[in-house]
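> I'd like to ask you about the structure that follows.
The values are calculated or read from the model by the stated rules, or taken from the named source; none is laboratory data. Computed from a predicted structure; not experimentally measured. So basically every Cβ, Gly included, is an ideal-geometry build from the backbone, and we count neighbours across all protein chains shown.
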Amino acid sequence: MGKHGSSQGGMLRRLIGAAVIAVLGIGSAAGGALAAQELRVEPPAEDLAPRPAQLLEAAAQPEAALAAAPRTCSVDGETADPAALDFHGLVLDNETGEVLFQRDPTGTHPTASVMKLITTTSALVTLGPDTRIPTRVYPGDQPGSVVIVGGGDPTLKSSTTSYYSGATASVLDLAAAVQGAGGATAVGYDSSVFGGEAWHPSWNDSDRRDGYVTPITGLMTDAGRENPAQIYSERSRTPDQDAAAAFADALGASVDPGIGIEPGSEPIAEVWSQPVSELVDYVLLDSDNVVAEALARLVAIERGTGNTFDAISEAADASLAELGVEAPGFHGADGSGLSRDNRASSLTIIEVLQRMQEDPELAGLMDLLPRNRIDGTLKDRLPGVTEGAITAKTGWIDQVYSLAGTMEAEDGTELLFAIFTPVADPDGSAKAGVANRNQLDAIATAVWHCGGRLSNY
């Protein structure tokens, strides 16, 4: 158990209890207090924590089949619809921790961009909110040369224009500093802070053309955008080379990839990114894949697992463990969720959301999530729900649509939810489409209408 954590197995024990109670049915007042106590998310003290078998036995007693207020509002019609595909989901009362609804909550599946909840929490816990990412320039090992060295900041600006409105680092500033130190005629570059493959083999090249992602290199400008001001501009195949070229142009120099850093030299110029606490805003509100990938690599470096795609999962798993999040079957193939190879359960995502609400180091993350009909990736979704009532991370890849966050239900109940419409075989040829996204939204809308009356049947 990490400094942030609670005892492992707590939520899982309560899911088992919830499932048994749902099968038995709950009716009148006699067992209401017991049912509410058994289904709270907060685990008891470790020395008193009941084993799963004990909870099953207790839930099977006659009094466990009774409750003070029957929950009779069903969303089974929506979740059983063929358009819901291989639906997985979990819904809790956010105030009491009571499990209201579950469908295979421990089963793992691709996450799409809901993975960014894990990436951003990992970044804040591991790197810290005030950490900034440097880009530096060193003297080169040839006369009149310098080397620009990326530190993993994808928001480095190539010009005065940038989609990242708050970006604080620019190659123009680096060039001005170098000019002030005597200038240079040749530029080398170093992006080796990130290693291994720059492009995940499971990603679609259409995602690059459509402006969602670029090869992940330790040096880049504008996250590889060809048009730095457009969020979904087509991305470069060679973002590190492009960054070096932009810097060289600002210097009036040429690029020579054979130039290395002068041994033993110190930086002659440096610029710094926005702090991590601000970078995560791009990741959550606008679902920025490249910033997410950079943060995931930096977390892996900080945790000592490596600097490649293969290092991401172990580092994220360590972050989850430090937070006390149960993550059986978790696999983080990348930091953005674009890979079909990512795996997480509704239970894991719910626990991440809980830590986002409870942990001081994660304070403010929930405020960065999109709100329906207001902003971000939910701006044009969930029209049947009161404006701003749902605050959640969206996700979509060919294998799944996903939505996870909080909602103020129609009856005022605060709910915590994670719902997914994945294809049955993520490694197959079937693809999720707009109809499946619409069904996911229909499920979220139905949950909102049910509120505290939501049943598990």
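> Does at least one position in the range 266-284 carry a residue that is assigned to a loop (DSSP other than H, G, I, E, B), without any contact (Cβ under 8 Å) to a residue 40 or more places away in the chain and surrounded by fewer than 17 Cβ atoms within 10 Å (Cβ to Cβ)? Explain how you work it out, then say what you get.
Residues of the range 266-284 that are assigned to a loop (DSSP other than H, G, I, E, B), as a first pass: 266-268, 273-275.
From what is left, the residues that are without any contact (Cβ under 8 Å) to a residue 40 or more places away in the chain are none.
No, the range 266-284 contains no residue that is assigned to a loop (DSSP other than H, G, I, E, B), without any contact (Cβ under 8 Å) to a residue 40 or more places away in the chain and surrounded by fewer than 17 Cβ atoms within 10 Å (Cβ to Cβ).
> Quick one: count up the residues across the range 249-274 that are over 17 Å from Val171 (Cβ atoms) and of a type in the set (A, V, I, L, M, F, W, C).
Adding up the residues that qualify gives 1.
> Please verify whether the range 250-257 includes one or more residues that are in contact with a helix residue (DSSP H, G or I) (Cβ under 8 Å, 6 or more places away or on another chain), crowded, with 18+ Cβ neighbours inside 10 Å and closer than 28 Å to Gly376 by Cα.
no
> What number of residues within the range 352-365 satisfy the criterion of being over 12 Å from the mean Cα position of the chain (by Cα) and either surrounded by 15 or more Cβ atoms within 10 Å (Cβ to Cβ) or charged (D, E, K, R) (or both)?
First, the residues of the range 352-365 that are over 12 Å from the mean Cα position of the chain (by Cα): 354-355, 357-364.
Pick out the ones that are also either surrounded by 15 or more Cβ atoms within 10 Å (Cβ to Cβ) or charged (D, E, K, R) (or both) and you get 354-355, 358-359, 361-362.
So the count comes out to 6.
> Of all residues in the range 317-351, which are among the aliphatic types (A, V, I, L, M), farther than 28 Å from Glu98 by Cβ and surrounded by fewer than 21 Cβ atoms within 10 Å (Cβ to Cβ)? If you could, list the steps in order and put the result at the bottom.
Looking only at the range 317-351, we keep the residues that are among the aliphatic types (A, V, I, L, M), and these are 318, 320-321, 323, 325, 327, 333, 338, 344, 347, 349-350.
With the extra rule that they be farther than 28 Å from Glu98 by Cβ, the set shrinks to 318, 333, 338.
Hit for the range 317-351 is Ala318, nothing else.
> Pull out all pairs, ordered by first then second residue, where Cβ-Cβ is under 8 Å, the residues are six or more apart or on different chains, the first lies in the range 379-401 and is in a loop (DSSP other than H, G, I, E, B), and the second is at pLDDT below 95.
none
> Shifting gears a bit: Tell me, please, whether a residue that is at pLDDT below 95 and either outside the structural domain of Val91 (by TED's automatic domain parsing) or surrounded by fewer than 24 Cβ atoms within 10 Å (Cβ to Cβ) (or both) can be found in the range 421-442.
Taking the range 421-442 as the starting set, the residues that turn out to be at pLDDT below 95 are none.
Looking for residues that are at pLDDT below 95 and either outside the structural domain of Val91 (by TED's automatic domain parsing) or surrounded by fewer than 24 Cβ atoms within 10 Å (Cβ to Cβ) (or both), one finds none in the range 421-442, hence no.
> Further question on the same structure: Which residue pairs have Cβ atoms under 7 Å apart, sit 6 or more places apart or on different chains, and have a first residue in the range 77-88 that is closer than 17 Å to Ser455 by Cβ and a second that is modelled with pLDDT of 95 or more and assigned to a loop (DSSP other than H, G, I, E, B)?
Short answer, once both residue conditions are applied: Thr79/Phe87.
> Where the second residue is of a type in the set (Val, Ile, Thr) and buried (at least 20 other Cβ atoms within 10 Å of the Cβ) and the first is at negative phi and free of Cβ contacts under 8 Å to residues at least 60 places away in the same chain and lies in the range 180-203, which pairs have Cβ atoms under 6 Å and are six or more apart or on separate chains?
Ser191/Thr217; Ala198/Ile216; Ala198/Thr217
> Only one of these conditions is not met by Arg132: (1) under 19 Å from Thr217 (Cα atoms); (2) without any contact (Cβ under 8 Å) to a residue 60 or more places away in the chain. Which number is it?
Going through (1) under 19 Å from Thr217 (Cα atoms); (2) without any contact (Cβ under 8 Å) to a residue 60 or more places away in the chain one by one, Arg132 breaks only (2).
> Exactly one condition in (1) free of Cβ contacts under 8 Å to residues at least 24 places away in the same chain; (2) outside any loop (DSSP other than H, G, I, E, B); (3) surrounded by fewer than 24 Cβ atoms within 10 Å (Cβ to Cβ) is not met by Ala300; state its number.
(3)
> Take Ala123 and decide whether it is over 22 Å from Ala318 (Cβ atoms) and either at pLDDT 95 or above or buried (at least 20 other Cβ atoms within 10 Å of the Cβ) (or both).
Working: over 22 Å from Ala318 (Cβ atoms): no; either at pLDDT 95 or above or buried (at least 20 other Cβ atoms within 10 Å of the Cβ) (or both): yes.
Against the criterion (over 22 Å from Ala318 (Cβ atoms) and either at pLDDT 95 or above or buried (at least 20 other Cβ atoms within 10 Å of the Cβ) (or both)), Ala123 does not qualify.
> Against the condition over 22 Å from the mean Cα position of the chain (by Cα), within 28 Å of Ser277 (Cα to Cα) and surrounded by fewer than 23 Cβ atoms within 10 Å (Cβ to Cβ), how does Arg136 come out, does it pass? Walk me through how you get there before you give the answer.
Numbers: over 22 Å from the mean Cα position of the chain (by Cα): yes; within 28 Å of Ser277 (Cα to Cα): yes; surrounded by fewer than 23 Cβ atoms within 10 Å (Cβ to Cβ): yes.
Yes.
> Being crowded, with 24+ Cβ neighbours inside 10 Å, in contact with a strand residue (DSSP E or B) (Cβ under 9 Å, 6 or more places away or on another chain), part of a helix (DSSP H, G or I) and not assigned by TED's automatic domain parsing to the domain that holds Gly183 is the requirement here; does Val290 meet it? Break it down stepwise before answering.
Details: crowded, with 24+ Cβ neighbours inside 10 Å: yes; in contact with a strand residue (DSSP E or B) (Cβ under 9 Å, 6 or more places away or on another chain): yes; part of a helix (DSSP H, G or I): yes; not assigned by TED's automatic domain parsing to the domain that holds Gly183: yes.
Answer is yes for this residue.
> Shifting gears a bit: Condition first: surrounded by fewer than 19 Cβ atoms within 10 Å (Cβ to Cβ) and part of a strand (DSSP E or B). Now tell me which residues in the range 407-420 satisfy that. Lay out the reasoning, then the answer.
Kept after step one, since they are surrounded by fewer than 19 Cβ atoms within 10 Å (Cβ to Cβ), are these residues of the range 407-420: 408, 410-412, 414.
Matches in the range 407-420: Glu408, Glu414.
> Looking at (1) surrounded by 15 or more Cβ atoms within 10 Å (Cβ to Cβ); (2) farther than 14 Å from Pro139 by Cβ; (3) of a type in the set (A, V, I, L, M, F, W, C); (4) touching a strand residue (DSSP E or B) at 6+ places or on another chain (Cβ under 9 Å), can you tell me which one Ala176 breaks?
Tallying (1) surrounded by 15 or more Cβ atoms within 10 Å (Cβ to Cβ); (2) farther than 14 Å from Pro139 by Cβ; (3) of a type in the set (A, V, I, L, M, F, W, C); (4) touching a strand residue (DSSP E or B) at 6+ places or on another chain (Cβ under 9 Å), Ala176 fails exactly one: (1).
> Is it fair to say Thr96 is in contact (Cβ under 8 Å) with a residue 40 or more places away in the chain, of a type in the set (S, T, N, Q) and out of contact with any helix residue (DSSP H, G or I) (no Cβ under 6 Å at 6 or more places or on another chain)?
On the way: in contact (Cβ under 8 Å) with a residue 40 or more places away in the chain: yes; of a type in the set (S, T, N, Q): yes; out of contact with any helix residue (DSSP H, G or I) (no Cβ under 6 Å at 6 or more places or on another chain): yes.
Judged against the criteria, Thr96 is a match.
> Continuing with this model, one more query. Any idea which residue in the range 322-351 is farthest from the chain's Cα centre (by Cα), counting only those that are small (Gly, Ala, Ser) and in a strand (DSSP E or B)?
Ser345
> I'd like to check something: does the range 203-210 contain any residue that is closer than 13 Å to Ser273 by Cα and either surrounded by fewer than 22 Cβ atoms within 10 Å (Cβ to Cβ) or outside the structural domain of Ala321 (by TED's automatic domain parsing) (or both)?
Start the filter on the range 203-210 by keeping residues that are closer than 13 Å to Ser273 by Cα, which leaves none.
For the range 203-210, residues closer than 13 Å to Ser273 by Cα and either surrounded by fewer than 22 Cβ atoms within 10 Å (Cβ to Cβ) or outside the structural domain of Ala321 (by TED's automatic domain parsing) (or both): absent.
> Can you tell me which residue among Gly388, Gly364 is small (Gly, Ala, Ser) and at pLDDT 95 or above? Spell out the reasoning first.
Working: Gly364 fails: at pLDDT 95 or above.
Going through Gly388, Gly364 in turn, just one is small (Gly, Ala, Ser) and at pLDDT 95 or above: Gly388.
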